[in-house]
Amino acid sequence: MAKMTNAYDLPARKVIHTVGPKYAVKYHTAAESALSHCYRSCLELLVENGLESIAMGCIYTEAKNYPREPAAHVAIRTVRRFLEKQKDKITAVVFCTISSTDTEIYKRLLPLYFPRDKQEEEIASLKLPADVGDENGEPIIDERKIRIKTLPAEAANSKYAVPVPADIPLSGSGLTRRRNSKLDSYLDPSFMSIIKDPDLRRKEQWEKSAQAKKGFNFAKLLGFGDLGGPALSAAEEYSLHQRYLAKANSLNLSEIAEMKIIYRGGVDSEGRPIMVVVGAHFLLRCLDLERFILYVVKEFEPLIQKPYSIVYFHSAASLQVQPDLGFMKRLQQMLGRKHQRNLQAIYVLHPTLGLRTAILALQLLVDGDVWKKVVYVDRLMQLFRYVPREQLTIPDFVFQHDLEVNGGKGIIVDPRTKHVYQRPSG
């Protein structure tokens with residue numbers, strides 16, 4: 001809720017007071033709804049009292065642990081939704097920030113929700129999150145939607161049965177019934193959509209999981225890890241991804257970043273952004289896998305919104321214990337289907353026989369569509385055909401490994417700048 005008081009000696013006519021929610025990952029949706037209510041309540045008070053402009057600070061505070069960027073999304077989209085309905089009554093909404101971090105976030109997000117030209121509109125269509133809330137900017141919760149079931153069969157024989165006009169095709173017959181255009185104008189398609197009952201969906205998920213555990217797991221027997229878990233639907237993958245992303249944004253994962261297992265590169269020869277993965281830096285004994293997954297979800301999120309590529313350095317990685325296929329399947333589910341759709345290529349440098357076998361197993365047992373995008377690269381010079389040298393930050397040991405494996409054939413490495421040159425022929 002929000003309350004209004006006089007401004008007294010402040011340079012304003014009124015002051016609106018509201019209290020932002022505390023944030024916990026477990027209650028992410030509740031916090032998001034409460035924050036949206038805070039902003040909307042302030043705007044409603046503004047209109048009710050005949051005022052036309054408002055300056056709003058960040059209602060979410062660091063003391064209450066609300067992640068900055070997700071909160072900014074809620075704030076901006078709530079204001080956007082309100083202005084769509086009350087644009088004639090409000091002349092200005094000012095977002096006030098007190099830190100450079102918040103200022104940069106708002107500068108980046110405002111054009112997505114309030115595009116000023118055609119170019120910004122096209123960018124917004126690519127970068128806006130999948131969930132932009134309902135007509136008020138609040139999060140949409142499928143489990144709370146009203147589901148309308150068809151009438152029982154005996155209702156057709158009832159003396160109170162509603163007569164069926166002609167013109168709309170009826171399922172399973174050639175009959176048609178007339179569409180009532182006046183009634184249709186009041187029907188919201190999302191409200192009328194019939195989705196599977198959430199309890200039934202969870203029951204099916206448990207049954208699949210129990211059945212998978214009872215079955216004989218060939219992948220585990222072959223040492224590939226546990227691949228027996230049930231497949232997730234698109235909605236379940238999206239929900240899982242959003243939960244992990246919200247948790248990742250609320251944590252400090254700097255110790256994972258310092259290990260340089262994954263980091264952003266430049267662009268490949270097609271102009272697509274690339275993510276670099278260094279296999280030898282994956283020190284399984286020193287790594288908290290749960291925090292690593294959170295870091296991966298957080299780092300990949302900006303990339304997976306549009307086509308991108310991955311460069312994987314397997315150089316000397318066989319000296320370290322690598323994650324099994326069960327872990328890779330779980331990680332792929334966390335990243336969601338947008339990652340699978342927008343991933344264009346995985347360039348694997350210095351592949352070994354063991355790695356090729358593992359990738360073949362991923363193609364057969366996990367996801368053939370994604371893992372068939374692997375491009376094996378034996379030499380650094382071959383990799384530079386796909387990704388220009390200046391677009392990559394390459395660890396020193398990768399150059400050394402390439403020289404040891406390929407004997408320096410065809411290349412010269414400058415030891416000071418790490419630039420690679422083609423050896424002159426003759």
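The values are calculated or read from the model by the stated rules, or taken from the named source; none is laboratory data. What you see is a predicted model, and the numbers here were worked out from it, not measured in a lab. Every residue, glycine among them, receives a Cβ derived from its backbone with ideal geometry; neighbour counts consider all protein chains shown. The area values use the complete protein model at the heavy-atom level, side chains included, leaving out ligands, DNA and RNA. Shrake-Rupley method; radii C 1.70, N 1.55, O 1.52, S 1.80 Å.
At a glance:
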quantity	calculated
From the options Val278, Val267, residue that is more than 20 Å from Arg341 (Cα to Cα), at pLDDT 65 or above and surrounded by 13 or more Cβ atoms within 10 Å (Cβ to Cβ)	Val278
Test result for Ile293, at pLDDT below 90 and either open to solvent by less than 50 Å² (accessible area, probe 1.4 Å) or in a strand (DSSP E or B) (or both)	yes
Some residue of the range 49-68 being modelled with pLDDT of 90 or more, open to solvent by 20 Å² or more (accessible area, probe 1.4 Å), out of contact with any Leu (no Cβ under 7 Å at 6 or more places or on another chain) and part of a helix (DSSP H, G or I)	no
Residue in the range 313-331 that is in a strand (DSSP E or B) and either more than 24 Å from Asp402 (Cβ to Cβ) or at pLDDT 75 or above (or both) present	yes
Residue in the range 262-276 that is aromatic (Phe, Trp, Tyr), in a helix (DSSP H, G or I) and under 22 Å from the mean Cα position of the chain (by Cα) present	no
Residue within the range 243-257 that is in a helix (DSSP H, G or I) and modelled with pLDDT under 65 present	no
Residues located in the range 97-142, provided they are loosely packed, with under 14 Cβ neighbours inside 10 Å and of a type in the set (Ser, Thr, Tyr)	Ser99, Ser100, Thr101, Thr103, Ser125
Matching option when the condition is in contact with a Leu (Cβ under 8 Å, 6 or more places away or on another chain) and either modelled with pLDDT of 90 or more or open to solvent by less than 40 Å² (accessible area, probe 1.4 Å) (or both), among Val79, Val94	Val79
Number of the exception - Gly354 against (1) in contact (Cβ under 8 Å) with a residue 60 or more places away in the chain; (2) among the small types (Gly, Ala, Ser); (3) surrounded by fewer than 18 Cβ atoms within 10 Å (Cβ to Cβ)	(1)
Members of the range 347-368 that are of a type in the set (Val, Ile, Thr), touching a helix residue (DSSP H, G or I) at 6+ places or on another chain (Cβ under 9 Å) and farther than 17 Å from Leu331 by Cβ	Thr352
Which numbered condition Val348 fails, given (1) free of Cβ contacts under 8 Å to residues at least 40 places away in the same chain; (2) in a helix (DSSP H, G or I); (3) surrounded by 15 or more Cβ atoms within 10 Å (Cβ to Cβ)	(2)
Subset of the range 1-38 that is in contact with a strand residue (DSSP E or B) (Cβ under 7 Å, 6 or more places away or on another chain) and either assigned to a helix (DSSP H, G or I) or small (Gly, Ala, Ser) (or both) - its residue that is farthest from Glu138 (Cα to Cα)	Ala7
Subset of the range 379-394 [surrounded by 14 or more Cβ atoms within 10 Å (Cβ to Cβ) and touching a Ser or Thr at 6+ places or on another chain (Cβ under 8 Å)]	Tyr386, Val387
